[in-house]
Every structure is written in structure tokens, then in C-alpha cells.
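Trainee: What follows is a structure written as C-alpha cells; I'll ask about it next.
The values are calculated or read from the model by the stated rules, or taken from the named source; none is laboratory data. Not measured: the values here are computed from a predicted model. Here the Cβ positions follow ideal geometry from the backbone for every residue, glycine too, while neighbour counts run over all protein chains shown.
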There are 2 protein chains.
Amino acid sequence: DVSTIDSKSSHRTHTFPGLVNVAAFVPGLAASNSSDFIDATRASISAGFTTSIIIPQAQGNAVVDRATLETAKSNVVGSAYCNYALSLSASADNVQLFDDELKAEAKALFIPSRIANKPIPLSAVAAHFSSWPTEKPILTDAKGSDLASLLLLASLHNRTIHVTDVQNVDDVLLISLSKAKNLKVTCDVSIYSLFFTREQFSSAPFLPSQEDQNALWKKLDMIDAFSVGSSPYKLAVEAGDGGSPSAGVEEALPLLLTAVTEGRLSLQDITTRLHDNPVQIFGLPDQAQTHVEVVLGRRAPLVKMFQSWSPLGRSLVSGAIHRVIVHGQTLFLDGTLLELPTGKDISSA
Amino acid sequence: DVSTIDSKSSHRTHTFPGLVNVAAFVPGLAASNSSDFIDATRASISAGFTTSIIIPQAQGNAVVDRATLETAKSNVVGSAYCNYALSLSASADNVQLFDDELKAEAKALFIPSRIANKPIPLSAVAAHFSSWPTEKPILTDAKGSDLASLLLLASLHNRTIHVTDVQNVDDVLLISLSKAKNLKVTCDVSIYSLFFTREQFSSAPFLPSQEDQNALWKKLDMIDAFSVGSSPYKLAVEAGDGGSPSAGVEEALPLLLTAVTEGRLSLQDITTRLHDNPVQIFGLPDQAQTHVEVVLGRRAPLVKMFQSWSPLGRSLVSGAIHRVIVHGQTLFLDGTLLELPTGKDISSA
Ligand SMILES: [Zn+2]
Ligand SMILES: [Zn+2]
Ligand SMILES: [Zn+2]
Ligand SMILES: [Zn+2]
Ligand SMILES: [Zn+2]
Ligand SMILES: [Zn+2]
Ligand SMILES: [Zn+2]
Ligand SMILES: [Zn+2]
């Protein structure tokens, strides 16, 4: 443990390993010539996330086949600031499009809860489960009984599954029951789900109710990972901001560190859910000499590098990123990002 | 095999063992002083069903606790024409009401898909799974992703579950996947679902589409039992008949026998799904010297003992009940029921 107390002030510093955002949302992910993916990696590294696992669903564009995967890769190749992994998104009719080569190029299979508000037919989901390589993860953002269907299929196929953006106490219950019966299921909650509610932000059904949020905090030991997810983007859009690829990324660690200073979380809780478990769940290569130095206990408004709307407004946080070091090189220091895109595609790693 | 060809005509007879309706619907089941339960057993025995397993959900009344179970029992005791078994219906808040004595008096636990169009909260369903005796069956009429939730819970609790009134090809798929992975799941289809569709009867969402009906016929080897279920009652209500406890009961065997004469079913298919499998799934006591003699191949309109609306109208069927014998005594012969209520409560048998 390398925490130190600054002798001249009440704040202290702490060093994390390079953190992982297990569910990064990039609005123009597979839109031709979009710079969103690059911007997302800039925000990511500046926020301490040295690895981003990208949700392959975006704003009307998704990675569903060879062409969309190529488009997404070409949007970022050579210009990424953090390491990133791309996955394929299942649809009702694309199981035959996934040949061995394409599967090898993807980190995971994402089974979206709903496409255009319709669940994928069960027969198609079952076909995906049967054909997806057993050594590669399957993830989903399914909720409620859609989630139950997927957990059943995972159980029947004896497959691991990671559930992203858990919001609801019933879903936590399903997952914990499944874990208790040795089903290989893991899950994350979006960091915004721990700090913002649909009572605070009307027309934000992608945030939990206050009651569900309380339950999420109580069941934190069932939560394997924290993620940024898509809710910050959706909340920014609801707020009239238009939504940026950096939405919620800069807020993530300051929110969690503030909870540490309030005694609601430990630093180890963060390391476990933003590094150790993500590395294990997604089989990520270790990043040597990579760490994130943070300061805790200095109450101040969030300093944003990216000029986008934030639900924090002028409220104070008690944590900030001081420095981000990747492979021994300082890429971010006190609000300044080194313009050196050293991120790599680790989809096949 | 005791089939014989009548030398003077083209029809033949066949003798079944006493048949079981695994899902009998009684509209006034737990309504005080209702005669529906007695009427249902009269219709049942006249139709060849010497045993009725009663769905504990009815028309605004359900068997959910000690009082409703007592009311249902008192409605029929000493006046039943066929053997009958009662079950308890799960709700969001009745798991604590089921003490050991009450559980011992019930054949099974029924988990209704929805109560007032809302699914039972998963935590309540999980509590029911945990507390219901392992040797007693659990049944449900859940569909779609509600069904997936229950199959998952059954799998997690290593419990057998019987799914009644399967209508949808996706549900058959879920069940057959589960069977393939050795989950202890069985299912029935309502006989009306094999012969009537929502295309034929508008405003009958409780009937399958023509496409789903075709799929049910194709997947018949996945179907463990046939039932009467609640769809005949609902269809009669839709037709403006008001609905009677005999709805669909008299139609059941003639419809199936007609399918035999058309080569779509074998007599063994019927015996398997209306006797052998029901006895096995529900652990029913065998009824000695009990059988049902039918006539096949004589095309005629259905002769109804009970003057209720029928979807058959004046169309012809090729099968009829000739005689029903229970414990060596003829209780029904050529349209006449012996007014001798010898049925017993086999809920605890
Ligand atoms: Zn420390
Ligand atoms: Zn590491
Ligand atoms: Zn350092
Ligand atoms: Zn500094
Ligand atoms: Zn025969
Ligand atoms: Zn028998
Ligand atoms: Zn006989
Ligand atoms: Zn006769």
C-alpha cells in the first residue's frame, strides 16, 4: 500500500494499478469517420482508465459484423490513448455472420437486452450461445426476466456470463442466487447508478430508484466490477447536452474516491472492482509499470478536461486524478494529457 | 391393446385407462357455496377424466391459504364424481402462510405467471422454491421470459417443475433446451391449443397463433401431457356464453380421437399424455379396474351432456366416449351419468 498522508495538508494520495472501464460507451463507435472513439480513449486515460472494454452498441450504430467491426477499428487505430477491446453485438440474424476469424478478433460477445425495444428471439440467443467460443466471455445488459432467460441459457450451456449495468434489487438477487449455485456469472454496476437516482433526474429510467440504489450499496459484495456504462451519456442527452464520448468518465473516480472519504467504500473496494476483477473476468493482459495516482480529501468542484455537462454541477468532490502512468511514462498529469496515443487494440489479447 | 373393429360398421372401439386432466379450471373454485367444483367433476367423469388436477386459480378466487383451501374442499366434499387434487397458488406475500400441515394437504404448488397482470416478485418466488417440500411438484403457467425466470430458479434449486398450457414455439424451445441439459421439467399443452387458433377466434390471446400451433404439433414429442386448462372457459366467455365449469371438457377426447382418425396422433400418444405421464409427473395413485371406452370413426356432431357453448358448433368429430368405468362400476354410459358421486380427494395421496 502506497498511500501517504501529505504532512502539510489533510489530503492523502493513493496509487492504483491501471484501471479498467468494463463498459465504455462510444456514441459514434461504428459510424464512418467518427472521432468519438478517439475522444473516448482520451477521456479514459485522463480519468485513470488505462483499458476500455467497449460496449459494441452505440447511438444507432453497433458492431454486428465484419464491416462494422472494421469501421470501428479504423476509427481509432493508431490514435488510441488507452488500450481498448472491441466485442461483437448479437442480433436476431447475425449468428451465421460470425466466422472463426471474426470471433478471434473480438474480446467478447455482447447480447443486448433489447434491440429497438424488442428482445432477441430466444432461438437466436441460443444459437449464439452454441456457436460462441467457450474461452471468450459473453456479456449482456439484460434486466428482469430477459436477464433470467440469459442466465438460464448460460446455465444450460455451462457458460460464463457477465451482466453489465445491474440496477435492480431483483436482478442482484437473481445473480446472487446463480452465484450461490455455482453458475459462472459476474456483474457490474454503472458508477452513476451508485450516486444518482431517477428521483433526482426525472426522465432517467436508466438510473435506479433511490430504493434500488440503497439495495445496490447493501449488496456491494455481490458486485464484481464498477463501470462507466451508457447511463452518463443518456443522462447528458436528457439534460440537453447532446452527449459526448467523455460523459461520466471523468466523474467516475472522483465519485468513488469521495465515497471512500465518507467511509462508504474502501480503496481496496475500488481496486477490486476497477482492476482485479475486470482483469480476471475479461482475461486482460497485465499492464506493467502502469498506475494511477490520486489525491483524496481535498474538497473541490470537479475539474473537467472535457467541457461537457456533468450531473455534479458545482457540487464538491473529495478525490481527483493526479497522474496516470503507462509503461513508466506519464501520460496525464494535473489536468494535462500528453498528446501521445500509445493505446493498443487488445481485443484478441 | 383392446381395440376392436366393429364388423357391421367402419367404426372401432378402444379402451383407455382412466384419464387425467392435469389442469382443470373451476371458475368458482374457492367461492363460497359455489356448485362449480361439483359440476366440473360431473363433466370430467362424463368425458373420461377419472382424475382432475385442479388449477388453484379461478375466476377472481384462488386457493392461496388455509381458508380458501377449506372453502374449495367444502364446495366438493362428498359430492365429487371424479377424483380430484387441489394445489396452493403462490402469491407475493403468502409464503409464510404455508405451514407444514397446509403443504401436506396440497398436491402441488402453482406459481401463476401473473396476478392482476403483474408477475410475482422474484424474491417471493425464490422464497416459495426454498420452502416448498422437495417431494411435491411445482407447476406454472408462465410464458416467455417469466417462464425463463422460473426455469432458472428451478435449475438453481434443483427442483422439478411442470409447465402447463405451453403455447409458444420459444417456450417449447426453452423447455426442450432445459430437458436436454437434464433439468427436470415437464409440460403440457391445452387441447384447445392444438385445434383452435387466435386467427379463428379474434380476441382469444390465450390461443396460439396458427404458426405456433403448427410448431406445437411438430414438437409433440416434447409435450409430456395434454390438458383442458382454462382456455375453453375463456373462449366461452369471449363467445358470450358466460363460461361453465364444463367448458372444453367434453370436447377434449373427441378432438383428440378425431386427430387419431386423421392420422395426426396415435392412440398411444393419447394414453401417454392423458394417463402415463400425468400419473408419473404428479405421483398419482393408480385406479384399478378403471377405464374409458371410446368409439372412433363415426363422424357426427359432438353430443354434449352439458348445454354450454362449444367452438365445435355443428362441425363433425370422429370420436366419442362410450363408457366410463371406475373401480369396476359403470359411471357413464352413452350420454347418461350415474348420479353416484364416488370421487375422492387425492391431494395428499
Ligand atoms: Zn493506499
Ligand atoms: Zn494490472
Ligand atoms: Zn507512480
Ligand atoms: Zn499534483
Ligand atoms: Zn386400441
Ligand atoms: Zn392408471
Ligand atoms: Zn371395459
Ligand atoms: Zn354404445
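Trainee: With the requirement that a residue be hydrophobic (A, V, I, L, M, F, W, C) and touching a helix residue (DSSP H, G or I) at 6+ places or on another chain (Cβ under 6 Å), what does the range B:175-188 give you? I'd like the intermediate steps shown before the answer.
Mentor: Restricting attention to the range B:175-188, the residues satisfying the condition of being hydrophobic (A, V, I, L, M, F, W, C) are B:175, B:177, B:180, B:183, B:185, B:187.
Answer for the range B:175-188, where residues must be hydrophobic (A, V, I, L, M, F, W, C) and touching a helix residue (DSSP H, G or I) at 6+ places or on another chain (Cβ under 6 Å): B:LEU177, B:LEU183, B:VAL185, B:CYS187.
Trainee: How many residues does the range A:127-147 contain that are at pLDDT 90 or above and of a type in the set (Gly, Ala, Ser)? Walk me through how you get there before you give the answer.
Mentor: So the first thing to find is which residues in the range A:127-147 are at pLDDT 90 or above, and the list is A:127-143, A:147.
Still in the list and also of a type in the set (Gly, Ala, Ser): A:127, A:130-131, A:142.
Qualifying residue count for the region: 4.
Trainee: Across the range A:149-163, what is the number of residues that are more than 7 Å from chain B (Cβ to nearest Cβ) and of a type outside the set (D, E, K, R)?
Mentor: Here is the first cut: in the range A:149-163, the residues more than 7 Å from chain B (Cβ to nearest Cβ) are A:150, A:153-154, A:157-163.
Now drop any that are not of a type outside the set (D, E, K, R), which leaves A:150, A:153-154, A:157-158, A:160-163.
Counting residues in the range A:149-163 that are more than 7 Å from chain B (Cβ to nearest Cβ) and of a type outside the set (D, E, K, R) gives 9.
Trainee: Further question: Consider A:ASP146 carefully, then state whether it is away from chain B (no Cβ under 14 Å) and of a type outside the set (Phe, Trp, Tyr).
Mentor: No, not satisfied.
Trainee: Run B:LEU207 past the list (1) more than 11 Å from every other protein chain (Cβ to nearest Cβ); (2) in contact (Cβ under 8 Å) with a residue 12 or more places away in the chain; (3) surrounded by fewer than 21 Cβ atoms within 10 Å (Cβ to Cβ) and report the number of the one that doesn't hold.
Mentor: The number of the failed condition is (3).
Trainee: Of all residues in the range A:216-253, count the ones that are of a type in the set (Gly, Ala, Ser) and free of Cβ contacts under 8 Å to residues at least 24 places away in the same chain. Steps first, answer last, please.
Mentor: First, the residues of the range A:216-253 that are of a type in the set (Gly, Ala, Ser): A:225, A:227, A:229-231, A:236, A:239-240, A:242-244, A:246-248, A:252.
Narrowing further to those that are free of Cβ contacts under 8 Å to residues at least 24 places away in the same chain: A:242.
Summing the residues that are of a type in the set (Gly, Ala, Ser) and free of Cβ contacts under 8 Å to residues at least 24 places away in the same chain in the range A:216-253 gives 1.
Trainee: Report yes if B:GLN213 is free of Cβ contacts under 8 Å to residues at least 24 places away in the same chain and crowded, with 18+ Cβ neighbours inside 10 Å, otherwise no. Spell out the reasoning first.
Mentor: Values: free of Cβ contacts under 8 Å to residues at least 24 places away in the same chain: yes; crowded, with 18+ Cβ neighbours inside 10 Å: yes.
Yes.
Trainee: Also, I was wondering about something else. Go over the candidates B:ALA252, B:ALA320, B:ALA349 one by one and state the one that is within 16 Å of ligand 8 (Cβ to nearest atom) and more than 14 Å from chain A (Cβ to nearest Cβ).
Mentor: The match here is B:ALA320.
Trainee: Here are some residues: B:ALA236, B:ALA247, B:ALA320, B:ALA252. Which one is out of contact with any Phe, Trp or Tyr (no Cβ under 6 Å at 6 or more places or on another chain) and under 23 Å from B:PRO205 (Cβ atoms)?
Mentor: From the options B:ALA236, B:ALA247, B:ALA320, B:ALA252, the qualifying one is B:ALA252.
Trainee: Touching a residue at least 40 places away in the same chain (Cβ under 8 Å), assigned to a strand (DSSP E or B) and either within 14 Å of chain B (Cβ to nearest Cβ) or under 21 Å from the mean Cα position of the chain (by Cα) (or both): which single residue out of A:ILE53, A:ILE45 fits that description?
Mentor: A:ILE53
Trainee: Here's a follow-up. Suppose the filter is within 29 Å of B:THR271 (Cβ to Cβ), at pLDDT below 95 and away from ligand 7 (no atom under 16 Å from the Cβ); does B:SER7 pass it?
Mentor: For B:SER7, the condition - within 29 Å of B:THR271 (Cβ to Cβ), at pLDDT below 95 and away from ligand 7 (no atom under 16 Å from the Cβ) - is met.
Trainee: Pull out all pairs, ordered by first then second residue, where Cβ-Cβ is under 7 Å, the residues are six or more apart or on different chains, the first lies in the range B:268-295 and is under 15 Å from B:LEU220 (Cα atoms) and more than 14 Å from chain A (Cβ to nearest Cβ), and the second is within 16 Å of ligand 7 (Cβ to nearest atom) and of a type in the set (A, V, I, L, M).
Mentor: Listed pairs, sorted by first residue: B:LEU274/B:LEU19.
Trainee: Show the residue pairs that are 6+ apart or on different chains and have beta-carbon atoms under 7 Å apart, the first residue being within the range B:9-29 and within 14 Å of another protein chain (Cβ to nearest Cβ), the second being more than 16 Å from ligand 6 (Cβ to nearest atom).
Mentor: Once the first residue is within 14 Å of another protein chain (Cβ to nearest Cβ) and sits in the range B:9-29, no partner that is more than 16 Å from ligand 6 (Cβ to nearest atom) comes close enough.
Trainee: For the range B:213-222, does any single residue satisfy the condition of being of a type in the set (Phe, Trp, Tyr), in contact with a helix residue (DSSP H, G or I) (Cβ under 8 Å, 6 or more places away or on another chain), more than 20 Å from B:VAL20 (Cβ to Cβ) and away from every other protein chain (no Cβ under 14 Å)?
Mentor: yes
Trainee: Taking B:ARG114, is it within 14 Å of chain A (Cβ to nearest Cβ), in contact with a helix residue (DSSP H, G or I) (Cβ under 9 Å, 6 or more places away or on another chain) and more than 22 Å from A:LEU122 (Cα to Cα)?
Mentor: Answer is no for this residue.
Trainee: Cβ-Cβ under 7 Å, sequence separation 6+ or interchain: first residue in the range A:106-118 and assigned to a strand (DSSP E or B), partner basic (Lys, Arg). Which pairs?
Mentor: A:LEU109/A:LYS136
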